[in-house]
Number of protein chains: 2
Amino acid sequence: MATGREIAQLCGVSVATVSRVFNQPETVNEDTRERVLRVAKELDYRPNESARALSTKQSTMIGLVWDTDHRRPGWRHPYLQDLLIGLKSALSAHGYHLLMLATSGDAREVGASLADPVGYVNMTRRHHLGGLVLIDSGSDAEAFESFAQSGFPCVALDVAVDGPRATYVTSDNSGGAREAVAHLLGLGHSRIATITGPPGNQPSDARLSGYRAALRDAGVEPRADYVVAGDFYRASGTAAVQRLLALDEPPTAVFASSDEMAVGALLAARAAGLRVPRDLALVGFDDIEIASVVDPALTTVAQDKPGFGVAAAKAIMAMITGGGREEPVVLPAKLVVRDSCGARQG
Amino acid sequence: MATGREIAQLCGVSVATVSRVFNQPETVNEDTRERVLRVAKELDYRPNESARALSTKQSTMIGLVWDTDHRRPGWRHPYLQDLLIGLKSALSAHGYHLLMLATSGDAREVGASLADPVGYVNMTRRHHLGGLVLIDSGSDAEAFESFAQSGFPCVALDVAVDGPRATYVTSDNSGGAREAVAHLLGLGHSRIATITGPPGNQPSDARLSGYRAALRDAGVEPRADYVVAGDFYRASGTAAVQRLLALDEPPTAVFASSDEMAVGALLAARAAGLRVPRDLALVGFDDIEIASVVDPALTTVAQDKPGFGVAAAKAIMAMITGGGREEPVVLPAKLVVRDSCGARQG
DNA sequence: CTGAAAGCGCTTACAG
DNA sequence: CTGAAAGCGCTTACAG
């Protein structure tokens, strides 16, 4: 691959001039500029990224922290692929690449595990990353917050962080949940239960508060036994419905904090001989692919998955360029009415 | 972050010695080595990756070519997330990071688009990548092959390439398809149709040949009108079944080359008033999450998705270390019998 | 076993 | 407008 020196020799200029042509084109004479450009194009010259990063202390890479250790709970939410695609595409448009950082599985660097914020800072420095995008895998919130304080640009997904150049993007979880439950209320239900995610998980907590707000709006008395905790995954939805059905006064409708749990709930209802939505109405959250395929098709609150990635890319680019912090982004979460809630039946 | 120079000063040695401690520890005196190590640990020293890559011409990154341009057909196969997780985890274990390269969407570098192999080579050189992992998005096969010839380590997924340090990993597509169709034959079907992927797509072609082999084994005459081409996506499965049902002698069983198409087929059968598997038996391929959730649950040929990633990581690390080419990896594809084929009914 | 030196390929003040 | 020089932080022959 051609180097700047070769271009320089071929054009009879110094390497400094070649460099200027690409970094401060306005400071170089038009004739020489065009000559350099022409030769560079002929030789398909591109500045070496390692050298550039070493010199400028700034690479064209954004780091992605996503702990895929299979012992961690949240590593494989089914919408991460869409999110990743949105993120990568949007970053690409700015000429940035996405570096998926090796995480704690990394045997060779136990001490430098990404599990702690020091690890994040180190990685960012060593690779001269423009910043970090942080995906929560279940219990990284404190580490994320701590990295956010470091001053490096960073945007966290679905976990609130604050720092001089930090922000986050999340869905309107409480609003979406509220709309979902209001919809159930509107269909005549008053015995509405909810299956939450892991307590402490921010989106889950927000959805729970949306559930409560909707009940309050409608003047429906909340019942503690109608709130059962799950972990976002399918089996916990099944278990939750089994518990709810065992109640003296079982609910007639269930709002699940994730589609996976809603599917689990569906399975439990079916196994108990109940028909959905006739005997039990169901609403989920996420709108993953399964939601529309299951029978009955799941009414759910849709999250804008690629939008997460795009928003994250936009925010981090803005912080790299601008220097200040960006406002948190709250994406709309919209109710998608299908068959499991009963709105479509007679 | 501490630099090698600081460590050197603190230890009263030269930077060369510090470097040696990390790269050729056996060549340095035990006492000084331990002194350096101790100080390095205290300051949490890590060599700067840009500098290291510039000097050694070898980074600790593997590039991933995955064109997510939404105009491309194959950008979002539903199992890519699992594959990615397997790949990243296995690479992490070797201390390597995964660089998701900006692709043709990259507005700033139209000329350097990854669409052509020159783009791949350039990227590899500029970032001193250890090699490339190539995911086919529909029509990259020639570009991949051409990159493979360049001599840089590379492993392609589901497309055969050859080169001095190139190999690929794929599933036993023909074997899996053969087993699926044999199973249908065993259940008494003889009018078995198939829905293929895009003609020319290697896995699809292999599955088709497996289908044919199974028929041949059983002495069943193949029929041209029982082979209809799809594109791996759902809608094409629906359209295919509509066509098949319009035949004078419609099939009693269908083998679809992907689960997505099988789901589309299921929908079409249902819409036509047919019950699956009673009126029409169905087998898919992939075993994506949807397969087990759909009703009836889909009998399908399971691919080892994380295994793809792990095998790719293993192969590329071997080629980086060893220098030669690796044998192609063919992962087992196993029939998973559920409800859509009729084996479980009376 | 260890240090001084050169080099990896670029960028950016500093002179001119 | 342009070149010479220094520097980014590391590695690796080359001497000693």
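Taking only pairs six or more apart or across chains, which ones have beta-carbon atoms under 8 Å, a first residue in the stretch A:38-58 that is within 23 Å of residue B:49 (Cβ to Cβ), and a second residue that is outside any helix (DSSP H, G or I) and near DNA strand C (Cβ under 7 Å from one of its atoms)?
If the second residue must be outside any helix (DSSP H, G or I) and near DNA strand C (Cβ under 7 Å from one of its atoms), the pairs left are A:48/A:3.
For the stretch A:170-195, which residues satisfy the criterion of being crowded, with 24+ Cβ neighbours inside 10 Å and under 30 Å from residue A:120 (Cβ atoms)?
Applying the first criterion (crowded, with 24+ Cβ neighbours inside 10 Å) to the stretch A:170-195 yields A:171, A:173, A:176-178, A:180-181, A:184, A:192-195.
Matches in the stretch A:170-195: A:171, A:173.
In the stretch A:1-34, what count of residues is obtained for those that are aliphatic (A, V, I, L, M), in a helix (DSSP H, G or I), open to solvent by less than 90 Å² (accessible area, probe 1.4 Å) and more than 8 Å from DNA strand C (Cβ to nearest atom)?
Selection size over the stretch A:1-34: 2.
For the stretch B:148-175, which positions are among the hydrophobic types (A, V, I, L, M, F, W, C) and within 17 Å of the chain's Cα centre (by Cα)?
First, the residues of the stretch B:148-175 that are among the hydrophobic types (A, V, I, L, M, F, W, C): B:148, B:152, B:154-157, B:159-161, B:166, B:169.
Scanning the stretch B:148-175 gives B:148, B:154, B:155, B:156, B:157, B:159, B:160, B:161, B:166, B:169.
Would it be correct to say that residue B:276 is open to solvent by 20 Å² or more (accessible area, probe 1.4 Å), of a type in the set (A, V, I, L, M), touching a strand residue (DSSP E or B) at 6+ places or on another chain (Cβ under 8 Å) and assigned by TED's automatic domain parsing to the domain that holds residue B:215?
On the way: open to solvent by 20 Å² or more (accessible area, probe 1.4 Å): yes; of a type in the set (A, V, I, L, M): yes; touching a strand residue (DSSP E or B) at 6+ places or on another chain (Cβ under 8 Å): yes; assigned by TED's automatic domain parsing to the domain that holds residue B:215: yes.
When the stated conditions are applied, residue B:276 passes them.
Would you pick out the residues in the stretch A:35-55 that are part of a helix (DSSP H, G or I) and under 37 Å from the mean Cα position of the chain (by Cα)?
Going through the stretch A:35-55, the residues part of a helix (DSSP H, G or I) turn out to be A:35-42, A:49-55.
Matches in the stretch A:35-55: A:49, A:50, A:51, A:52, A:53, A:54, A:55.
What is the residue count in the stretch B:291-327 for residues that are part of a loop (DSSP other than H, G, I, E, B), more than 13 Å from the chain's Cα centre (by Cα) and either under 22 Å from residue B:174 (Cβ atoms) or assigned by TED's automatic domain parsing to the domain that holds residue B:132 (or both)?
First, pick out the residues of the stretch B:291-327 that are part of a loop (DSSP other than H, G, I, E, B): B:293-298, B:303-304, B:323-327.
In the following step, the residues that additionally are more than 13 Å from the chain's Cα centre (by Cα) were identified as B:293-298, B:323-327.
Still in the list and also either under 22 Å from residue B:174 (Cβ atoms) or assigned by TED's automatic domain parsing to the domain that holds residue B:132 (or both): B:298, B:323-327.
Summing the residues that are part of a loop (DSSP other than H, G, I, E, B), more than 13 Å from the chain's Cα centre (by Cα) and either under 22 Å from residue B:174 (Cβ atoms) or assigned by TED's automatic domain parsing to the domain that holds residue B:132 (or both) in the stretch B:291-327 gives 6.
Considering only residues that are out of contact with any helix residue (DSSP H, G or I) (no Cβ under 7 Å at 6 or more places or on another chain) and more than 9 Å from DNA strand D (Cβ to nearest atom), look in the stretch A:24-40 and name the one that is farthest from the other protein chains (Cβ to nearest Cβ). Full working, then the answer.
Within the stretch A:24-40, the subset out of contact with any helix residue (DSSP H, G or I) (no Cβ under 7 Å at 6 or more places or on another chain) is A:24, A:26, A:29-31, A:34, A:38.
Narrowing the set further to residues that are more than 9 Å from DNA strand D (Cβ to nearest atom) leaves A:34, A:38.
Numbers: A:34: 16, A:38: 13 Å.
Out of the qualifying residues, it is A:34.
Residues of the stretch A:163-207 being basic (Lys, Arg) and in the same structural domain as residue A:252 (by TED's automatic domain parsing), which ones? Can you show your working first?
Residues of the stretch A:163-207 that are basic (Lys, Arg), as a first pass: A:165, A:178, A:191, A:207.
Scanning the stretch A:163-207 gives A:178, A:191, A:207.
Name the residues in the stretch A:279-290 that are in a loop (DSSP other than H, G, I, E, B) and crowded, with 19+ Cβ neighbours inside 10 Å, would you?
Residues of the stretch A:279-290 in a loop (DSSP other than H, G, I, E, B): A:279-280, A:287-288.
Result: A:280, A:287, A:288.
Being modelled with pLDDT under 95 and of a type in the set (D, E, K, R) is the filter; apply it to the stretch A:222-259 and report the residue that is most open to solvent (accessible area, probe 1.4 Å).
A:231
Considering the stretch B:7-22 alone, what residues qualify as being away from chain A (no Cβ under 14 Å) and near DNA strand D (Cβ under 9 Å from one of its atoms)?
Taking the stretch B:7-22 as the starting set, the residues that turn out to be away from chain A (no Cβ under 14 Å) are B:7-21.
If the condition is that a residue be away from chain A (no Cβ under 14 Å) and near DNA strand D (Cβ under 9 Å from one of its atoms), then B:7, B:8, B:14, B:15, B:16, B:17, B:18, B:19, B:20, B:21 are the ones that fit.
Being of a type in the set (Val, Ile, Thr) and open to solvent by less than 10 Å² (accessible area, probe 1.4 Å) is the filter here, so list the residues in the stretch B:297-342 that pass it.
Correct list: B:299, B:300, B:301, B:316.
Please specify each residue of the stretch B:41-55 satisfying the condition of being open to solvent by 60 Å² or more (accessible area, probe 1.4 Å) and within 7 Å of another protein chain (Cβ to nearest Cβ).
B:54
Output the qualifying pairs, or none if there are none: Cβ atoms under 7 angstrom, residues six or more apart or on different chains, first residue in the stretch A:78-105 and more than 7 Å from chain B (Cβ to nearest Cβ), second residue open to solvent by 10 Å² or more (accessible area, probe 1.4 Å) and modelled with pLDDT under 90.
A:104/A:67; A:104/A:69; A:104/A:113; A:104/A:115
The values are calculated or read from the model by the stated rules, or taken from the named source; none is laboratory data. Please read these numbers as outputs of a predicted model, since none were measured by experiment. As a convention, Cβ positions derive from the backbone with ideal geometry for all residues, glycine included, and neighbour counts pool all protein chains shown. To get the accessible areas, we keep the full protein, side chains included, count just its heavy atoms, and leave off ligands, DNA and RNA. Shrake-Rupley method; radii C 1.70, N 1.55, O 1.52, S 1.80 Å.
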